[in-house]
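Asker: I have a structure here, written as structure tokens, and I will follow up with some questions on it.
The values are calculated or read from the model by the stated rules, or taken from the named source; none is laboratory data. This structure is a prediction, so every number in the text was calculated from the model and none was measured. Heads up: the accessible areas ignore ligands, DNA and RNA and are worked out on the full protein's heavy atoms, side chains in. Shrake-Rupley method; radii C 1.70, N 1.55, O 1.52, S 1.80 Å.
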Amino acid sequence: MSTVNLCCHEFVVAISSIACIVGLWLLKDDNQAIDDFQETEESLLRMSFAYWLVYCVAFGIEKVFLFDGESVMITLRITTALSYFLTFSCILSLPLHKFAVHKIEE
């Protein structure tokens, strides 16, 4: 991976971490009465933002702090991989949930 691509990826991760914080702030619980469909959708959105924020933090720690211990680096890499896949599964679950609810209503 070239230096330009690496710097671009780090920049995108930094910006997306800020976007995750803003997204979580916008989705804060206002104690409004909502139905189960909206509650599930908001929960999936919160989980996607939270998992992606974990990815951004673990990626940042891995790049900023140069740890000597190999076990710390492996743990950070496992954390980034798991949070990446959990984010992907939450994002994939959103349209599947909408499709399932739409099918039930018909």
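Asker: Mind pulling the angle between the C-alpha long axis of helix 70-105 and the longest principal axis of the chain? Nearest 10 degrees, somewhere in 0 to 90.
Answerer: Tilt of helix 70-105: around 20 degrees.
Asker: Using Cα atoms only, what is the angle between the long axis of helix 36-64 and the major principal axis of the chain, expressed in degrees (0 to 90) to the nearest 10?
Answerer: 0 degrees
Asker: Report the accessible area of Thr80, computed with a 1.4 Å probe over the heavy atoms of all protein chains in place, in Å² rounded to the nearest 10.
Answerer: It works out to around 20 Å².
Asker: Tell me the accessible surface of Asp35 in square angstrom (1.4 angstrom probe, heavy atoms of protein chains only), to the nearest ten.
Answerer: Surface open to solvent at Asp35 totals about 80 Å².
Asker: May I pose another question? Whole number in Å², please: accessible area per residue of the stretch 38-85, 1.4 Å probe, ligands, DNA and RNA not counted. If you can, show how the numbers build up before the last one.
Answerer: Numbers: 3080 Å² over 48 residues.
Using a 1.4 Å probe on heavy atoms only, each residue of the stretch 38-85 averages 64 Å².
Asker: Just the projected area, averaged over all directions, of the convex hull on the alpha carbon atoms of the stretch 10-106: how many nm²? Could the numbers behind the result be given before it?
Answerer: Values: hull surface 29.7 nm².
Seen from a random direction, the Cα hull of the stretch 10-106 projects 7.4 nm² on average.
Asker: Taking only Cα atoms and a 10 Å spring cutoff, compute GNM fluctuations for the chain and point out the largest among Gly23, Gly60, Gly69.
Answerer: Highest fluctuation of the listed residues: Gly69.
Asker: So what is the relative contact order of the chain, in percent, for Cα pairs below 8 Å that sit 6 or more residues apart?
Answerer: Values: 66 pairs, mean separation 32.0, N = 106.
Contact order relative to length: 30 percent.
Asker: Figure the gain on full extension for Arg46 and Ile78 (residue separation times 0.36 nm, minus the Cα-Cα span) and round it to one decimal in nm.
Answerer: Values: separation 32, 0.36 × 32 = 11.52 nm, distance 2.15 nm.
9.4 nm is the gain from fully extending Arg46 to Ile78.
Asker: To the nearest 10 square angstrom, how much accessible area does Lys28 have with a 1.4 angstrom probe?
Answerer: 100 Å²
Asker: Measure nothing but the geometry: give the 0 to 90° angle between the long axis through the Cα atoms of 3-26 and the longest principal axis through the Cα atoms of the chain, rounded to 10°.
Answerer: The answer is roughly 40 degrees.
Asker: For His97, His9, give the ranking by accessible area with the largest first, probe 1.4 Å.
Answerer: Values: His97 40, His9 65 Å².
These residues rank, largest area first, as His9, His97.
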